[in-house]
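Take a look at the structure set out below.
The values are calculated or read from the model by the stated rules, or taken from the named source; none is laboratory data. All values derive from a computational prediction rather than experimental measurement. All Cβ positions, even for glycine, are placed from backbone atoms using ideal geometry, and neighbour counts span all protein chains on display. Just the protein is used for accessible areas: all its heavy atoms, side chains included, with ligands, DNA and RNA removed. Shrake-Rupley method; radii C 1.70, N 1.55, O 1.52, S 1.80 Å.
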Amino acid sequence: MVSCSAIRGSTLRVFRLRRGARARMHIAATSVADAESRPARVAVIGGGFAGLAVSWHLLSTACNARPVQLHLFDAYGLGAGGSGAAAGLLHPYTARGKTLWRGLEAFQEATALLEAAEAAAAATTAGQAPGIRKPFVWRHGMLRASRSAKQARDVARFLPADPQAAAAAGAEVLLDAAAMAALVPGLQPEQLLLLDQQQQLAGGSPPPPAAVEQPPRQRQQGAAVHPPAAGLLVHGGVTLHPGSYIQALWAACQLAAARAGPGSEATLHLRAVPSLRELTDAEGHFDAVVVAAGAAVESIAELRGLLPLDLCHGHSLEMRSGGSGSSSSSSSSDNIGSSSSSSDNIGSSSSDNTSSSSSSDGSSSSSRSGDSAAGGLNGYPAGAPSLLGSPYIAAHGSHSVVVGATKRYGLTAAEAYRQCSSPLVTDAAEAQAAAEALLPAARVLWPPLAGWQVASVRAGVRAIPARGAAGSIPYAGKLPTQQHLPSCWVIGGLGARGLVYHAWLGKLVAAAAAMSFARSFARNRPLNYFFTVVVGVASGFYLFNEPLKQRFEQQQRELAAQQEAEGTEAAGREA
């Protein structure tokens, strides 16, 4: 028998336990509420395409209930690295006409982010954003002329294989060289191919019978044989001025912070980050850190040797037309030193002969109206697409084009970091060598370029990822947790496709980082954020706490198998 006093004592202890549990639950709930109400401090390292995309997506999700204090760190300022030296060619295709890995959704995210940057540029005055050229976006499409019979066959074969991407990007195969020349007056596609290849494309000389017949494997599968492509036209391709886009995107970040309400802010710090530990010691605790440092990623101690990257140095030429009615000689177009300083005046639109109405915004219609005032072969043809290839010609209005790019592999991490400090080439011999390497082939691609002048030469370093069966896929993921350091996410290895991938990867990493420090984000947008992160990880994200070496070895095996299969197929055609 249990006494009443024992029961009373037991009840009292239970009551006290319950009261203690409620108190502990209240304290826990209060601490969670405090954690979710205080601003989240996020550090983003890298002021290029990817770093700004992450910043914008983090700030666009901020609100009064969960403000975000974003701190962007770059030793040399916005766009000082490879992003600032890019040509600004946005499209989702490889040189063979294949859709890039996740190219369609990446392209669509990039165009959406570009629209946000355009809106921000339109909302700011010249005094608020002096580095933004208006217009800085040209929606005139892109044209890739076939440079070999193999490329002509590949484009004709691969582009129709992805009709969804072709419809979204407005891509089509061009079979007639004359149609290509009509798109870009002055273009001579027939000069890009050897004589026998021209005859095959034009049908003037019948190819060997074996080339007409379908290979055995194709006959078994019933695959269609497509006529070779003279070129690839991407109507939805966009050309932009990288420096202006980067400045406009930072303006969009600041506007997003202002719209989020009190507590949210976007701050740019011009300082190097030698290590994550030094960053937290100097700047205080961060709830998350995102590293998007491009080719300079090895300058951060905790990331040194983590990503398998091949660093590639490249030059590009900014060229200006001789002006209305002028005709400069070929020799004078190589006179680089005299006008290099004028190329830095990107805040003014006078170099493009745009009217005051066309410089009021960055829209497609304004850029076309500005171009039509010049037009003709005194400048780049009005409304004509940019030219893809090696070399490429990116049309930045009627009187400014970018020609690129040279390639030099095997740079060290220290050389890549030093390059970020001097994106404009000031050494006359280096600039002359870059012009001599690029201009002869560029003038074959578009002969009127012989009358243009080199205004400036830019240099940058690209971080090329390891190549696998699916192509060169960029890296993104979370570093293994380290004691006394915040959660750290990394985007790297965007290579020559940073403009295509930056917005999509930035969105995925921003969502994942936000979920790691802000439960209110996940609660307010559970399906969107869950779906975004899971799809991103499942579709090729590299999680850095897994053995990367095994992944890359598997990639190399898949690539070797793919190359062997293609070689067998090519041998079947020639047999």
Query raised in the report: Applying the Karplus parametrisation 6.51 cos²θ - 1.76 cosθ + 1.60 with θ = phi - 60° to the phi angles of segment 229-238, what ³J(HN,Hα) value in whole Hz is obtained for each residue in order, glycine and proline being reported as x?
Result: 8, 6, x, 10, 10, 10, 4, x, x, 10
Query raised in the report: Pairs 150/507; 134/507; 98/507: which are spaced more than 32 Å apart, C-alpha to C-alpha?
Result: 150/507
Query raised in the report: For residue 40, which sequence-distant residues (separation of 5 or more, or a different chain) have an amide H within less than 5 Å of its own amide H, given hydrogens modelled in the peptide plane?
Result: 68, 69
Query - Heavy-atom accessible area ranking, 1.4 Å probe, most first, across 489, 138 - result: 489, 138
Query raised in the report: Under a straight-distance cross-link criterion of Cα-Cα below 22 Å, which lysines are reachable from residue 407, leaving out those fewer than 8 residues away in the same chain?
Result: none
Report task. Report ³J(HN,Hα) in whole Hz for each residue of segment 462-467, in order, from the Karplus equation J = 6.51 cos²θ - 1.76 cosθ + 1.60 where θ = phi - 60°; Gly and Pro get x. Result -> 9, 9, 8, x, 5, 8
Report summary line: For residue 63 the rounded accessible area (nearest 10 Å², probe 1.4 Å, non-protein molecules ignored) is 40
Report summary line: Between the modelled labels at residue 436 and residue 96 (7 Å from Cα along Cα→Cβ) the distance in nm is 3.5
Requested in this report: Give the calculated FRET efficiency between residue 38 and residue 115 to the nearest 0.05, with a Förster radius of 41 Å applied to their Cβ-Cβ distance.
Outcome: 0.80
Report task. Please give the solvent-accessible surface of residue 399 in Å², to the nearest 10, using a probe radius of 1.4 Å with every protein chain present. Result -> 10
Requested in this report: Using the Karplus curve 6.51 cos²θ - 1.76 cosθ + 1.60 with θ = phi - 60°, work out ³J(HN,Hα) for each residue of segment 397-411 in order, rounded to whole Hz, and write x for Gly and Pro.
Outcome: x, 7, 10, 8, 9, 10, 10, x, 9, 6, 9, 9, 8, x, 5
Report task. Rank these residues by their accessible area, most exposed first, probe 1.4 Å: 162, 281, 176. Result -> 281, 176, 162
Query - Accessible area, probe 1.4 Å, largest first, for residues 246, 464 - result: 464, 246
Query raised in the report: Roughly how many Å² of residue 190 are accessible to a 1.4 Å probe, to the nearest 10?
Result: 80
Query - Pairwise label distance in nanometres, residue 429 with residue 561, each label 7 Å out on the Cα-Cβ vector - result: 5.1
